[in-house]
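A short worksheet on the structure shown next.
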Amino acid sequence: MVRKVLHVDTEDEDIEMTFLQQSKDLFRWPRKEDKIWIDFTDVICQVSEPVTTGRPQRTFKLAEEGIQQVNI
């Protein structure tokens, strides 16, 4: 799963994140925002911010090194 960090709470050592929906090798924001708080230890890796793709620029794609990190 690819998520975007919204807030980092260093005191409680957790992160508020929102999810991107995946369709093959592309991602998009869901219609209804999906947020969750997770513990620092649950983060597997960090990837570069996805780049927009397509005309309306509502879909995103990970850079090649990001794809390899999350094994899409």
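The values are calculated or read from the model by the stated rules, or taken from the named source; none is laboratory data. Not measured: the values here are computed from a predicted model. We place every Cβ from the backbone using ideal geometry, glycine too, and count neighbours over all the protein chains shown.
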- Message: For the stretch 3-16, check the following and say yes or no: at least one residue is in a loop (DSSP other than H, G, I, E, B) and among the polar types (S, T, N, Q).
- Response: yes
- Message: Here is a check on your reading of the model: is GLU33 more than 16 Å from LYS61 (Cα to Cα), part of a loop (DSSP other than H, G, I, E, B), without any contact (Cβ under 8 Å) to a residue 60 or more places away in the chain and touching a strand residue (DSSP E or B) at 6+ places or on another chain (Cβ under 8 Å)?
- Response: yes
- Item | Options ARG31, ARG3; residue that is among the charged types (D, E, K, R) and surrounded by 13 or more Cβ atoms within 10 Å (Cβ to Cβ) | ARG3
- Note on the structure: Within the stretch 34-50, of all residues that are modelled with pLDDT of 80 or more and either in contact with an Asp or Glu (Cβ under 7 Å, 6 or more places away or on another chain) or over 12 Å from ARG3 (Cβ atoms) (or both), the one surrounded by the fewest Cβ atoms within 10 Å (Cβ to Cβ) is THR41
- Task: Hey, can you tell me all the residues within the stretch 28-61 that are of a type in the set (Phe, Trp, Tyr) and either within 15 Å of GLU16 (Cα to Cα) or over 13 Å from the mean Cα position of the chain (by Cα) (or both)?
- Result: TRP37, PHE40
- Task: Kindly provide the set of residues from the stretch 17-30 that are in a strand (DSSP E or B) and either touching a helix residue (DSSP H, G or I) at 6+ places or on another chain (Cβ under 7 Å) or hydrophobic (A, V, I, L, M, F, W, C) (or both), ordered by number.
- Result: MET17, PHE19, LEU26, PHE27
